[in-house]
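The block underneath contains the structure these notes are about, expressed in structure tokens.
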Amino acid sequence: MTGPRANASQRRILYIDCYAGIAGDMMIGALLDLGLPEAHLRARLALLGPLDYELEVRRAARHGIVGTDVQVHLDVPLKATGAWSFTPVASTSAPFTSLKEHGHGRRYREIRALIGDSGLSDLEKRLALAIFDRLAVAEGKLHGISPDEVHFHEVGGVDAIVDITSAAIGLAWLAPDEVVCAPLPVPRGTVKCAHGTMPLPAPATLELMVGAEVTAIDGHGEWVTPTGAAIATTLATRYGTIPSMAITAIGYGVGDRDPPSRANLLRLIVGTAPSAELASDVVLETNLDDSTGEAIGYLTERLLAEGALDVWVSPIVMKKGRPGVTVSVLTDPGRRPHLERLLLSESSAIGLRRVPVERYKLARRIETVESTFGPIRVKVAFEGETILNRAPEYEDCRRAAEAHRVPLKDVFADVLRTMGKP
């Protein structure tokens with residue numbers, strides 16, 4: 001699956017279908033199930049040096065669906081400051097709230113040195129460090145300390161290092177041009193961690209979800225772990241339903257639990273799509289002259305949350321010289337009926353216009369740049385083999401600016417300088 005594309009005009013897309021959540025071990029299992037050679041993974045992990053663990057890989061089923069189950073067994077006694085996995089316990093608020101914690105905690109600077117000094121490839125290092133960097137920034141913000149000084153209670157153990165590095169190895173092997181992630185599921189309940197009992201999502205997980213799409217689900221317990229959230233939000237270039245593509249491979253990663261409500265599986269779907277795509281879409285428009293700014297802002301947020309490709313508001317002058325706005329909604333034909341109903345129900349409009357359009361989309365991929373302020377993802381747009389544009393990801397730049405207490409524009413400028421772009 002790796003190597004040069006048979007057709008240079010095709011781009012590879014990875015879809016993370018986390019309908020039942022995501023954890024580090026589930027990601028490893030799904031990558032192996034997708035085709036990542038186990039021998040390759042073990043050989044690359046060995047480059048980290050001796051970490052006193054054993055990787056168990058086996059086939060397992062959830063609700064009749066067979067996938068790959070991965071367990072990281074540690075050769076050290078259980079501790080109260082390690083990485084977690086699920087353990088079901090009796091609870092009036094949630095059937096799965098207890099956590100089995102093990103492994104030795106480490107500060108981020110120690111983890112960074114461990115990975116940076118290893119024999120992994122530059123790409124594998126960048127991906128692994130980018131994931132850990134998101135964790136460090138999230139934890140540092142919660143506790144009011146520098147990311148370098150963060151001591152990872154829940155994700156600092158050997159198993160988390162193996163989980164995150166394995167995800168980086170798998171992504172480097174797969175080499176997708178784009179990673180799309182389904183909305184992250186958020187259930188009800190509480191979780192027990194080193195900081196005590198906390199509502200779900202756990203504080204670090206919730207902080208990592210900033211900028212991501214989430215969806216509420218029925219059920220209790222933790223479906224997205226901090227490690228899983230860090231992996232998904234670092235790798236994803238966007239969120240939503242599965243994109244248009246020709247499916248080439250599917251992998252299932254098995255989770256620790258087997259609840260009756262849904263199969264505890266992480267599904268990775270790989271496909272190909274043309275490098276530049278011509279899409280037939282629809283623009284919905286309506287004119288408003290009696291809505292408040294708050295109402296229009298709310299309408300815009302709702303339309304985007306419900307799947308609109310883009311929404312914009314333009315000032316106009318209507319009949320009798322009344323100032324107003326045109327609300328324009330770009331959508332694919334499949335979502336058009338739903339967004340039309342939403343546009344009419346959430347505004348004072350009594351009608352709208354449909355304008356068929358063709359939308360030409362450049363291919364894009366995400367690259368990680370090692371800036372002065374840490375790893376920053378950069379969106380690269382290209383046509384064929386020609387790169388036409390590069391743009392640093394805003395959320396990464398914002399987090400770096402907050403973590404290092406520097407102006408946002410300084411982070412953007414540093415990334416552009418690192419890329420050699422004036």
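Couple of notes before you dig in:
- As a rough guide to protection, the peptides 357-363, 318-324, 283-289, 117-123 ranked by mean Cβ packing within 10 Å, highest first, stand as 283-289, 117-123, 357-363, 318-324.
- For residue 316, distant residues with modelled amide H under 5 Å away: 324, 325, 326
- Mean separation of Cα contacts under 8 Å (6+ apart) over length of the chain, as relative contact order %: 20
- Principal axis dimensions, the stretch 277-361 - Cα atoms, whole angstrom, descending: 42, 22, 19
- Short-range pairs are left out: with C-alpha atoms under 8 Å and at least six residues apart, the relative contact order of the stretch 363-418 is 32 percent.
- Karplus-derived 3J(HN,Hα), 6.51/-1.76/1.60, for each residue of the stretch 172-177, Hz, glycine and proline x: 5, 5, 6, 6, x, 7
- Look at the alpha carbon pairs under 8 Å that are at least 6 residues apart: their mean separation over the length of the stretch 158-240 gives a relative contact order of 39 percent.
- Using θ = phi - 60° in the Karplus curve 6.51 cos²θ - 1.76 cosθ + 1.60, the 3J(HN,Hα) couplings for the stretch 251-267 round to x, 10, x, 8, x, 6, 9, 9, x, x, 6, 7, 5, 7, 10, 9, 10 Hz; x is entered for Gly and Pro.
- Over the chain, DSSP H runs of length four or greater, each weighted -39,500 (n - 2.57), average out per residue to a 222 nm ellipticity of -9500 deg cm²/dmol.
- Descending semi-axes in Å of the chain, equivalent ellipsoid built from Cα gyration tensor: 38, 25, 23
Read-outs throughout are calculated quantities, based only on the coordinates presented, and are distinct from any laboratory measurement. Keep in mind the model is a prediction, meaning the values are calculated, not measured. Every residue, glycine as well, gets a Cβ built from its backbone with ideal geometry; the counts of neighbours run over all protein chains shown.
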